[in-house]
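This report concerns only the one structure given below.
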Amino acid sequence: MIREKFLYIGCDLHKAQHTAVLVNCWNEHLKTITIDNKPSEFSTLWQKVQRVAIKYDLQPVYGLENAYGYGRSLAVWLIEKGAVVKDVNPSLAYDQRKSAPIMEKNDEHDAYSVATVLINQFHTLPDAKPEDAHWTLSQLVTRREVIVKEGVRLKNGLHAHLFTAYPSYHQFFSEIDGKTAMYFWKTYPSPMHLKDITAEDLLSELKSVVPGTRKNKAQLILECVQNDGDTLRDFQESRDFIVQSLARCLENQKVELSFIEAEIKRMLGHFPYKLTTLPGVDVVTAAKLIAEIGDISRFKNADKLARCAGIAPVTFSSSGNARDVSTRQGNRFLNGIFYFMAVTVIGVRPGTKQPFQPIFREYYERKMSEGKTPSQALVCIMRRLVNIVYGMMKTQSEYRPFVPNEKKPAKQNS
């Protein structure tokens, strides 16, 4: 590549507008272009860039700061037009701004910083590859996370109100969002609604919701309510309304969560990976892995994936002395996925010492016997899972557990 032959376009991307700065290889500012973030404006940017490129006899190359966020539509449009588009990590542009004697912060200077990074690191910057499949799956996973967090908020709110109305509610409903429990909170948001209700009548109602309801459930509820004493307060009707509202919202949240998970499962059919065959990986976890990792071909080996997830150690060296230390860098969301996978595969069955996955448990205990702390041994499990996930995605194969070869009997001398 001959630097002098290229026109470098650094793009600072925002929700409403994009700002592009055109520079040559000597960092000379040639032009600034501002467009609205909509496809009808992209052709305006293209035409203005082409005019400058023809004027100076240069070939345009584009650098987009985070081509997978607000600039995704522009990246797709430019790639379809046959342009060279590089993805510039925002941290690189930030470092470029900080390196200046006087730090500026505006859209034009940000775009200029992106263009400077494009000039200096053109060969090492990744090509922008905003694929629709990965992007859509990522959006579904994000939407599910929002719904799950909303469910946690609703359950916490329901717990707070039930503790006032039914202090012993944990004794008769261990899960407050179960089908029977949801019916009960909507029908009897406080004990005053249970007045003149017999155990037989209440049991009949509960069985109409869940036929398998235990016979002593209704009696247990009424006994707990009686033992709790008088929990009624002023404005009880308004508090009852809150309980019923929370219960309705929680029911709707669970329905919506089932819809989004069904759509995630359907979307996974567009990918050739078989990650759900790996222990500890369900449909949702597989979707999270694929969405965060993206195109597996962008990682040359499993070490690169581990570094991306912040699992590989970082070497610090000075005066010939080097040491490996853990790092908080990398994709922390991806790191969290591997962490929970590791916790799952080394777990043991409740009430027994039998492990869910003997192979991973044995490896964990072996690392512990070598002197590693539980946290360090867990990182070793995470690292092994990275290798397995990388191999499964690279070869598009199912999980095949390691089976030690049986020792062959020694040959007898004749």
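The values are calculated or read from the model by the stated rules, or taken from the named source; none is laboratory data. Since the structure is predicted, the reported quantities are computational estimates derived from the model, not experimental observations. Neighbour counts run over all protein chains shown; Cβ positions are idealised from the backbone, glycine included. Remember, those area values only see protein heavy atoms, side chains included, never the ligands or the DNA or RNA. Shrake-Rupley method; radii C 1.70, N 1.55, O 1.52, S 1.80 Å.
A few notes on this one:
- Dividing the mean sequence gap of close Cα pairs (under 8 Å, 6+ apart) by how many residues region 72-130 holds gives a relative contact order of 50 percent.
- Rounded tilt (10° steps) of 358-369 against the dominant C-alpha axis of the chain: 80
- For the peptides 217-225, 263-271, residues were scored by their other Cβ atoms within 10 Å and the scores averaged per peptide; the highest-first order is 217-225, 263-271.
- The calculated FRET efficiency for residue 348 paired with residue 394, based on their beta-carbon distance and R0 = 41 Å, is about 0.85.
- When all protein chains stay in place and ligands, DNA and RNA are ignored, the 1.4 Å accessible-area order of 26, 185, 135, largest first, is 26, 135, 185.
- Annotation: the antiparallel percentage among DSSP beta bridges lying fully within the chain is about 65.
- Helix 107-120 and the long axis of the chain differ in direction by around 70°, with both axes built from C-alpha atoms.
- To the nearest ten degrees, helix 332-345 and the longest principal axis of the Cα atoms of the chain are 40 degrees apart.
- Solvent-accessible area of residue 70 with every protein chain in place, 1.4 Å probe, in Å² to the nearest 10: 130
- Amide hydrogen proximity for residue 86: with H placed 1.01 Å from N in the peptide plane, the residues at 5 or more positions away or on another chain lying under 5 Å are 62, 63, 64, 128.
- Computed over the chain, the per-residue total of -39500 (n - 2.57) for DSSP H runs of n ≥ 4 gives a 222 nm mean residue ellipticity of -17000 deg cm²/dmol, rounded to 500.
- Structure-derived percent of Cα pairs over 33 Å apart - corresponding label in (i) 52; (ii) 43; (iii) 57: (iii)
- If the chain linking residue 359 and residue 4 were pulled fully straight, counting 0.36 nm for each residue of separation and taking away their Cα-Cα distance, it would gain 122.1 nm.
- Take every pair of alpha-carbon atoms less than 8 Å apart whose residues are at least six positions apart; their mean separation over the length of region 164-323 yields a relative contact order of 21 percent.
- Using the Cβ-Cβ distance between residue 36 and residue 186 with R0 = 45 Å, the FRET efficiency computed as 1/(1 + (r/R0)^6) comes to roughly 0.40.
- Student exercise, the chain dipole from Lys, Arg, Asp, Glu Cβ charges, in Debye to nearest 20: 1660
- Listed peptides 385-396, 52-63 by packing density, highest first (mean Cβ within 10 Å): 385-396, 52-63
- Remark: region 344-386 carries 60 Å² of accessible area per residue (probe radius 1.4 Å; ligands, DNA and RNA excluded).
- In the assembled protein chains, residue 360 presents an accessible area of approximately 10 Å² (probe radius 1.4 Å).
- One Cα centroid belongs to region 2-28, the other to region 247-316; the line between them spans 35 Å.
- Low-density loop cleavage sites - GluC sites (Glu not before Pro) in region 49-119, where at most 15 other Cβ are within 10 Å (DSSP): 104
- Spatial separation of Cα centroids for region 66-130 and region 157-234, in angstrom: 59
- Cβ-derived FRET efficiency at R0 30 Å, residue 340 paired with residue 201, nearest 0.05: 0.10
- Rounded to whole numbers, the Karplus 3J(HN,Hα) couplings from phi for region 75-84 are 4, 4, 5, 5, 5, 5, 7, x, 7, 7 Hz, using 6.51 cos²θ - 1.76 cosθ + 1.60 with θ = phi - 60°, and x at Gly and Pro.
- √(5λ) per eigenvalue of the Cα gyration tensor, region 193-348, largest first, Å: 52, 22, 16
- The 3J(HN,Hα) values that the Karplus relation (6.51, -1.76, 1.60; θ = phi - 60°) gives for region 8-18 are, in residue order, 9, 10, x, 10, 9, 9, 9, 5, 9, 9, 10 Hz. Gly and Pro appear as x.
- Separation in nanometres of the label points that stand 7 Å from Cα toward Cβ, at residue 28 and residue 369: 7.1
- Sequence-distant contacts, meaning Cα pairs under 8 Å at least 6 residues apart, place the relative contact order of the chain at 11 percent.
- Among beta bridges identified by DSSP and lying wholly in region 1-131, the antiparallel ones come to about 55 percent.
- Between amide H atoms placed 1.01 Å from N, distances below 5 Å from residue 7 occur with 59, 61, all of them 5 or more places distant or on a separate chain.
- Using θ = phi - 60° and Karplus 6.51 cos²θ - 1.76 cosθ + 1.60, couplings along region 200-210 (whole Hz; Gly, Pro as x): 5, 5, 5, 5, 4, 5, 5, 5, 5, 8, 10
- Accessible carbon and sulfur surface of the chain relative to its total accessible area, %, 1.4 Å: 51
- Annotation: amide H-H contacts under 5 Å for residue 17 (H modelled 1.01 Å from N, sequence separation of 5 or more, or interchain): 37.
- Listed residues 230, 132, 87, most fluctuating in the chain (Gaussian network, C-alpha, under 10 Å): 230
- Rounded D (µm²/s) - region 20-159, Kirkwood Rh over Cα pairs, Stokes-Einstein at 4 °C, 1.567 mPa s: 76
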